[in-house]
Each structure stands twice: as C-alpha cells, then as structure tokens.
Amino acid sequence: MEANVPQFKLILGSSSTARRKILADMGYQFTTMSADIDEKAIRKEKPEDLVMALAEAKADAIISKFRNTENLEKDSNPTLLVAADTVVVYEGMVREKPSSEAEARQFMKDYANGHAATVSSVLVTNLVTGCRRGEWDKVEIYFHDIPDQVIDKLIEEGIVLYAAGGLIIEHPLILPCIKEVVGSTDSVMGLPKALTERLIKEVL
C-alpha cells in the first residue's frame with residue numbers, strides 16, 4: 001500500500017465476473033454486493049442517460065441494504081461503493097442482455113462486417129461522506145465477418161447470453177473477428193480502468 005493513499009474499503013456493486021477481474025487487476029482488494037434491481041423498469045431515451053440511471057439505481061439499492069447491516073463511523077476509513085452498467089448500442093438502438101439464444105444469434109449476425117458501440121457507466125459513492133461521482137465512457141467496435149460456427153460455439157457455451165448485446169470481445173473465438181476497437185477493452189468488459197481510478201480519487 002502506498003503511504004500517501006488514504007486507506008479505504010472498497011465494495012464492487014456488481015456480480016459480473018469481468019468487473020471483478022478488472023478491479024482485481026487494478027490492484028484493489030474489495031468485497032462484492034449485488035443490487036438485484038429490475039433493470040427493465042428503468043428506461044431512458046439516450047444510452048448515456050440509461051447507464052447512469054442504472055448505476056445510480058444499483059448504488060441506491062446496495063446502499064439501503066448496506067445501511068441496514070453496517071454501522072458507518074464518521075471517523076472510520078471511508079468505504080467506497082463502485083457501481084457500473086454497460087449497454088451495447090447498435091444502429092442507434094440500445095441492446096441489453098439477449099432474451100433468448102435466437103436473439104443472441106441475431107445480435108452477433110448483425111455485428112458481422114459491421115460495428116457496434118458500448119456505453120459504460122461508473123459511479124463511485126463514498127458511504128461515509130455521501131460524496132458521489134459518476135461518468136460514462138463510450139467505445140466503438142468494428143468487426144470482420146463472424147462465422148456461423150463461431151456463433152454456434154459461443155451460444156453453446158452460454159456466456160454471451162449474460163453479456164450486454166450478446167457482445168464479448170475478449171473471448172478467444174471472437175478476437176480474430178475484431179477489426180478495430182476505438183477505446184479501451186476494459187470499458188467494453190464493463191469497467192473502464194482509468195475512469196474508475198479517477199472517480200475513486202475524486203470521492204476520497
């Protein structure tokens with residue numbers, strides 16, 4: 001631990017394996033809590049507004065759970081909560097997790113030789129001071145062809161059914177199908193590192 005960094009506890013408000021891995025790669029120790037909110041109940045016109053609203057709803061749900069079980073002392077080390085959300089945008093339409101295998105297949109067929117974008121939000125709340133900072137990050141992804149057998153294998157594995165827009169760019173089967181990523185891979189995976197780092201510093 002660097003001497004100049006204030007000691008703080010970190011909670012990741014997400015059950016996403018990818019987000020857990022990214023935060024661990026950043027060198028943080030943290031616990032996880034999930035929000036269990038009805039994401040479909042929150043609708044916004046713009047994807048940027050949607051991911052921010054979803055991150056806020058997740059954070060609020062976790063904070064109310066947390067408040068019931070933990071006593072936060074004003075003089076104790078701060079506890080920070082990181083909430084996040086990601087959606088895929090394709091031809092101006094927001095795509096969340098596919099509702100079926102057929103939809104996941106259609107999503108991937110659409111991306112072949114085309115492009116999509118991800119919009120990811122990060123919201124960090126200092127549970128002791130109440131200070132909260134959030135922002136979103138957008139990444140453009142361009143694809144080569146995605147062969148049917150690759151799509152079949154991905155659907156058989158099932159992970160794409162739990163990914164926003166059925167989009168996983170770090171998967172070994174998909175990597176060769178990626179032409180270009182304009183932005184950071186960690187943002188596509190659900191947690192932009194540089195943004196998360198900055199927001200953590202801002203709320204301390």
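The values are calculated or read from the model by the stated rules, or taken from the named source; none is laboratory data. Owing to the predicted nature of the structure, the values given are computational and were not obtained by experimental measurement. Note that we place each Cβ from the backbone using ideal geometry, even for glycine, and neighbour counts take in every protein chain shown. Accessible surface areas use protein heavy atoms only, side chains included; no ligands, DNA or RNA. Shrake-Rupley method; radii C 1.70, N 1.55, O 1.52, S 1.80 Å.
Side notes on the structure shown:
- Residues V181 and E45, FRET efficiency given R0 of 22 Å [Cβ-Cβ distance, rounded to 0.05]: 0.25
- Tensor-based shape of region 48-199 (alpha-carbon gyration tensor, a/c under 1.5 rounded, otherwise prolate or oblate): prolate
- Candidates G165, G134, G114, ranked by Gaussian network fluctuation over the chain, Cα under 10 Å, top entry: G114
- Partner lysines for K46 [C-alpha distance under 16 Å; skip if fewer than 8 residues away on the same chain]: K138
- Against the criterion of solvent-accessible heavy-atom surface with a 1.4 angstrom probe, C177, C131 sort, most first, into C131, C177.
- Computed about its Cα centre, the charge dipole of region 70-184 is approximately 260 debye, with only Lys, Arg, Asp and Glu carrying charge at their Cβ.
- Our helix-only sum for the chain, with -39,500 (n - 2.57) per DSSP H run of n ≥ 4 divided by its residues, gives a mean residue ellipticity at 222 nm of -10000 deg cm²/dmol.
- Computed on region 43-134, with alpha-carbon pairs under 8 angstrom and 6+ residues apart, the relative contact order is 40 percent.
- Highest GNM mean-square fluctuation among I37, I22, I141, for the chain modelled with Cα contacts below 10 Å: I37.
- For region 21-175, the fraction of 1.4 Å probe accessible surface lying on carbon and sulfur atoms is 47 percent.
- Cross-link reach is defined here as a Cα-Cα straight distance under 13 Å, omitting same-chain residues fewer than 8 places apart; for K58 the aspartates and glutamates meeting it are D36, D38, E39, D85.
- Listed residues I178, I200, A104: farthest to the positive end of the dipole of region 89-204 (Cβ charges): I200
- Set K9/K65; K44/K179; K97/K193 screened for pairs whose C-alpha atoms are more than 25 Å apart: K44/K179
- Taking the charge dipole of the chain about its Cα centre, with +1 at Lys and Arg Cβ atoms and -1 at Asp and Glu Cβ atoms, the residue from S34, V89, P78 reaching farthest to the positive side is P78.
- Sequence of K201, K65 from largest to smallest accessible area, 1.4 Å probe: K201, K65
- Taking Cα centre as origin and charging only the Cβ of basic (Lys, Arg, +1) and acidic (Asp, Glu, -1) residues, the dipole magnitude of the chain rounds to 500 debye.
- Mean Cα-pair separation over length for the chain, i.e. relative contact order, pairs under 8 Å, 6 or more apart, %: 23 percent
- The GNM of the chain, with springs linking C-alpha atoms under 10 angstrom apart, assigns the highest mean-square fluctuation among V88, V119, V182 to V182.
- Magnitude of the charge dipole for region 116-168, about its Cα centre and with charges confined to Cβ atoms of Lys, Arg (+1) and Asp, Glu (-1), is about 500 debye.
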